[in-house]
Amino acid sequence: MEVHSSAAAAVAVLTAVFALGLLPVTAAEASIASYWFAGFGVALAVFASLLLHELAHAAVARRYGVGTRRVVLWLLGGAAEQDTPAPTPLADAVIAVAGPLASAALGVTSWAVALVMAPLLSPTALAALLWLGTANLAWAVFVLLPGAPLDGGRILRALVWSRTRDRHHGDRTARRGGRALGVLLLSAGAAVVILFGQFVGVWFAVAGWALWAPRTITSAETGPDAVPRSRSRGDIPARRGSPTRGRDPAPARQQPPHEGEPGCHVHTASTRRSWSVSTTRRRPCAPSGGRH
């Protein structure tokens, strides 16, 4: 597990949001110190919930033979970087939905504990549990939005992959959805800040930027789980005789075998970039009196 430095900023911001805005509304007449203490506890609990969310992804991925290189917690959540792509569209969808289900379960559990333990808890502690449950349920809904790198983007990719039999096409569709969601969240966040002066709009705008940006730490596709890019013109081997940058010279051809040797084949091989091409051509057998 890796904790990005931006996670500390997220904990500080969440603590301030709970201590200055949410807890005083739901637990009035408590002390300021209790608001800050409970806010800090909820912020830490939120990140612990995010870790369980990502571990749920990793546990289900392991059942399908997909390893997880690392789990990263950062400003806007977490990311589980996988070693290899999911083997099938169904596996991709099941791995993706495991995280939101875990978050939803944590949210419902927090609410249930709050309701059962309400007579024994202080108003601030009860409000903290309720907000923790709300945060987990809201996160479960948010990550199901259909755009990469969210879990909903992986589900969209799996659906397109299953329909078209083309994982690359599904990945491109999910990325386009992510950019569209990013623009929408950026616009909504800016509107909330300008029209209502609410700090939560900044959070929406940052989340929108993370979805819109082409490369962010949130994307699990930046690791080995990334879909290999389609071959560009520079990746296509050049024709025989044309110069190709990075091409290894072909080894010398073998001498033709003598007559009577089995097969009378000549094998030539050339290496082009990261793959090898082996060809077999039949040539006339050398006469028995040929060069040895």
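Laboratory data are not the source of any read-out in this text; all were calculated from the coordinates shown. Predicted, not measured: the structure shown is a model, and the values here were computed from it. Ideal geometry is used to build each Cβ from the backbone, glycine not excepted, and the neighbour counts take in all protein chains shown.
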Considering only region 2-226, what is the antiparallel percent among its DSSP beta bridges, to the nearest 5?
75 percent
R0 of 35 Å, Cβ-Cβ distance Arg172-Ala33: FRET efficiency to nearest 0.05
0.10
Region 1-155 - charge dipole about Cα centre, Lys and Arg +1 at Cβ, Asp and Glu -1, debye rounded to 20:
180 debye
Can you pull the one-decimal nm distance between simple spin-label points at Thr88 and Trp209, each 7 Å off the Cα toward Cβ?
4.2 nm
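Within 11 Å, Cβ to Cβ, of Gly182, how many net charges do the neighbouring residues add up to if Lys/Arg are +1 and Asp/Glu are -1?
Taking every other residue near Gly182 into account, the sum is +3.
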Computed over all unlike Cα pairs, the Kirkwood hydrodynamic radius of region 140-209 in Å stands at 12.5 Å
Efficiency by 1/(1 + (r/R0)^6): what FRET value for Tyr64 and Leu44, r their Cβ-Cβ distance, R0 = 41 Å, to the nearest 0.05?
0.85
